[in-house]
Amino acid sequence: MADAVLRTKKLNKSFGALQASRDVSLDLRPGEIHALIGPNGAGKSTLIKQIAGNIAPDSGKVELLGRDVTALDTVARARMGLGRTFQISALAMEYTVLQNAVLGALGGQGRPYRLFRNVMKDPALLEPARDALERVGLSDDAGRRTADLSHGQRRQLEVAVALTLQPKLFLMDEPMAGLGSAGSKALTGFLDDLRQEAPILLVEHDMDAVFALADRISVLVYGQIIATGTAADIRANAEVRRAYLGEEDAA
Amino acid sequence: MLTREYMLNWAMIAALLFVPLAAWTLDEPFIITLATKAAILALAGVGLNIALGQGGLISLGHAAFFGIGGYAMGILAAHAQNYEPLFGWPFLFEGSNQMPLIWLVAVAASASAALVIGALSLRTSGVYFIMITLAFGQMLYYFAISWSAYGGEDGLSIWVRNEFPGLNTLDPIQFFAIAYVILCLALFFAARLARSPFGLALAAARQNEDRVEAVGLTPFTLRLTAFVISGAITGLAGALFADLNRFVSPTMLSWHTSGEIMIFVILGGVGRLYGPVAGAALYILLEHLLGGISDYWQIFLGLLLLLIVLFARGGLIGALAGREKAHG
């Protein structure tokens, strides 16, 4: 088995009496989509934040590309190749679509302290930016103000900005949220191919997408991973059905 | 593309040149001095606008940099005119009355102060940032008051304006030319900065910090860099302002001064490149016109500020040139 790109080891995190993460160990392997599902309040966001570096675990470790990054901040982890999309779009709203993509390319390049060059005329930044917009289907909207985009287009732009970083892995927090069925289907197809480029840890509520895409699924309930396995394993798992999928068959 | 804002900017910078030129031919030195004051105060605003407009850093302590620039001029020139060495080691230095050297010292001193103040203040944000920058400014203000070696509360006077190679700085129009050229250079620099990779990242950090971190850039160092550049430009303005008046006093460091510099920026339009030029020119104009009617002319200024904040958030430039477009 190839080495995991991302690995968490027995992460624990409590907020007062609430234990949001309980011995969470999971890994993300090259070429796979690993979906993380769980009911609201299961601790998915807390886990994502520990992986991205926004909050520190009480105990346990996060390893990126075989290196212990538990003590590193979000910026350092992004530089190591963690490409993140947010649950609520985090974009520079006054900027054009292209400027947001160029910002990503600038971050990927890692040399922002140039005070004189015209950033929007720098081919080394524009090419990856345009390329990423093209791939998510936003080329025609490159000149529009980000604040004027539809909700779905903002989600696409989030993915495009992550692409400009040429990351080693993607951490996607509900990329399908609010997309509608057509948009969600298009993004599903896109992510399906993307896993060849870099593996994806996908937090998602859209069960159709999860079962269509995921090589492996982990189910988080009350801060604890109660099952990890293929889509078939998870569907068949009695505990998962009881805790999360409820009475109805979600597939 | 020739936008309205672009043409308005050129009209303003041209007017700032032609008014004193006309005054010069008509032999009205007072008007030239007013225009010089407007250019220098605009320069201070251009400095603040890099932190405030581009970086979103609401600094109420920029008087610190303005005053440090002023005292850099005052101290160097006072030693030079009194032939008292400023220090004897590692080499004998008797101060200086040469503007280029004074500017260099003013920029270095205010940039260093901005580095220290920024490094401490930028750990906070929002209202705490405003309060900490205000506190640093007031600390320096009271320090200057208690510093009797350099005039304390009374300030420090210079008998003759400092020198610039090849120019007669006592001639109002020549001193204006110096201030005007420096203002134009600063505007050019600020425009390049706004369009640079650094400017893109800085303004993005103002709009969405999470996004900037997620692409692997550090908002803190971006902001600190902007704060240092901002403080340095305002410090240079302080040195020129002190030279204009041939006088520097703790007033330059007081929080009123910070407020005034901020008013130039807000009057003209926050984040508008030429906003401080419009704001400072309007301020000087009002001070001159209304000041003749009443000592309490700032009542009208307050009213105007109120109207602008309520109805024209883009300031004077926003009202005349319309909403800012996203730069493509």
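The values are calculated or read from the model by the stated rules, or taken from the named source; none is laboratory data. A quick note: this is a predicted structure, and the numbers were derived from the prediction, not measured. Neighbour counts run over all protein chains shown; Cβ positions are idealised from the backbone, glycine included.
Does the stretch B:1-10 include one or more residues that are assigned to a helix (DSSP H, G or I) and surrounded by 24 or more Cβ atoms within 10 Å (Cβ to Cβ)? Let's see the steps before the verdict.
Filtering the stretch B:1-10 for residues assigned to a helix (DSSP H, G or I) gives B:4-10.
Subset that is surrounded by 24 or more Cβ atoms within 10 Å (Cβ to Cβ): none.
Checked the stretch B:1-10: no residue is assigned to a helix (DSSP H, G or I) and surrounded by 24 or more Cβ atoms within 10 Å (Cβ to Cβ).
Here B:SER254 meets each of (1) closer than 26 Å to B:PHE18 by Cβ; (2) crowded, with 20+ Cβ neighbours inside 10 Å with one exception, condition (1).
The rows are residues; the columns are (1) small (Gly, Ala, Ser); (2) under 18 Å from the mean Cα position of the chain (by Cα); (3) part of a helix (DSSP H, G or I).
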{"position": "B:GLY95", "(1), (2), (3)": "yes, no, no"}
{"position": "B:ALA108", "(1), (2), (3)": "yes, yes, yes"}
{"position": "B:ALA114", "(1), (2), (3)": "yes, yes, yes"}
{"position": "B:ALA119", "(1), (2), (3)": "yes, no, yes"}
{"position": "B:THR133", "(1), (2), (3)": "no, yes, yes"}
{"position": "B:TYR141", "(1), (2), (3)": "no, yes, yes"}
{"position": "B:LEU170", "(1), (2), (3)": "no, no, no"}
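Could you check how many residues of the stretch B:154-168 are within 23 Å of B:SER249 (Cβ to Cβ) and part of a strand (DSSP E or B)? Here the count works out to 3. When residues in the stretch B:16-32 are screened for being surrounded by fewer than 18 Cβ atoms within 10 Å (Cβ to Cβ) and within 20 Å of the chain's Cα centre (by Cα), 1 of them pass. Elements of the type helices (runs of 4 or more DSSP H) sitting completely within the stretch A:28-136 and holding at least 3 residues that are farther than 24 Å from A:GLY229 by Cα, within 7 Å of another protein chain (Cβ to nearest Cβ) and not hydroxyl-bearing (Ser, Thr, Tyr): these cover A:74-80, A:97-109.
A:ARG79 fulfils the conditions (1) within 19 Å of A:LEU169 (Cα to Cα); (2) in contact with an Asp or Glu (Cβ under 6 Å, 6 or more places away or on another chain) except for a single criterion, (2).
When you scan the stretch A:2-19, do you find a residue that is buried (at least 21 other Cβ atoms within 10 Å of the Cβ), of a type in the set (Phe, Trp, Tyr) and not in a helix (DSSP H, G or I), even just one?
Looking only at the stretch A:2-19, we keep the residues that are buried (at least 21 other Cβ atoms within 10 Å of the Cβ), and these are A:5-6, A:8, A:11, A:13.
Cutting the leftovers down to of a type in the set (Phe, Trp, Tyr) gives us none.
No, the conditions are met nowhere in the stretch A:2-19.
State whether the residues of the stretch A:55-67 include one that is within 30 Å of A:LEU179 (Cβ to Cβ) and among the basic types (Lys, Arg). Checked against the condition, which is being within 30 Å of A:LEU179 (Cβ to Cβ) and among the basic types (Lys, Arg), the stretch A:55-67 yields no hits at all. Looking at the stretch B:185-227 only, could you name the residues that are more than 8 Å from chain A (Cβ to nearest Cβ) and of a type in the set (Lys, Arg)? Listed by number, the residues that qualify are B:ARG206, B:ARG223. Scan the stretch A:110-128 and tell me whether some residue there is touching a residue at least 40 places away in the same chain (Cβ under 8 Å) and surrounded by fewer than 21 Cβ atoms within 10 Å (Cβ to Cβ). No - not one qualifying residue is present in the stretch A:110-128.
Hey, among A:ALA177, A:ALA212, A:ALA231, A:ALA162, which residue is assigned by TED's automatic domain parsing to the domain that holds A:GLY104 and not aromatic (Phe, Trp, Tyr)? Before you say what the answer is, go through the steps one by one.
Numbers: A:ALA177 fails: assigned by TED's automatic domain parsing to the domain that holds A:GLY104; A:ALA212 fails: assigned by TED's automatic domain parsing to the domain that holds A:GLY104; A:ALA231 fails: assigned by TED's automatic domain parsing to the domain that holds A:GLY104.
Being assigned by TED's automatic domain parsing to the domain that holds A:GLY104 and not aromatic (Phe, Trp, Tyr) holds for just one of A:ALA177, A:ALA212, A:ALA231, A:ALA162, which is A:ALA162.
Selection of the stretch A:66-78 for residues being under 15 Å from the mean Cα position of the chain (by Cα) and either farther than 14 Å from B:GLU209 by Cα or of a type outside the set (Val, Ile, Thr) (or both) yields A:ARG77, A:ALA78. Per this entry, B:TYR274 is counted among residues that are among the hydroxyl-bearing types (Ser, Thr, Tyr) and crowded, with 24+ Cβ neighbours inside 10 Å.
Kindly provide the set of residues from the stretch B:212-261 that are part of a helix (DSSP H, G or I), over 14 Å from B:GLY55 (Cα atoms) and among the aliphatic types (A, V, I, L, M), ordered by number.
B:ALA214, B:ALA232, B:ILE233, B:LEU236, B:ALA237, B:ALA239, B:LEU240, B:ALA242, B:LEU244, B:MET252, B:LEU253, B:ILE261
Selection within the stretch B:180-227: residues that are among the β-branched types (Val, Ile, Thr) and surrounded by fewer than 23 Cβ atoms within 10 Å (Cβ to Cβ). The member of this set that is farthest from B:LEU43 (Cα to Cα) is B:THR218.
Checked against the criterion of being outside any loop (DSSP other than H, G, I, E, B), in contact with a strand residue (DSSP E or B) (Cβ under 8 Å, 6 or more places away or on another chain) and at the interface with chain B (Cβ under 9 Å from one of its Cβ atoms), the candidates A:ALA162, A:ALA147 yield just one match: A:ALA162. Here the stretch A:52-87 is the region considered, the condition is being over 18 Å from A:ASP3 (Cβ atoms) and touching a Phe, Trp or Tyr at 6+ places or on another chain (Cβ under 9 Å), and the residue that is surrounded by the most Cβ atoms within 10 Å (Cβ to Cβ) is A:ARG84.
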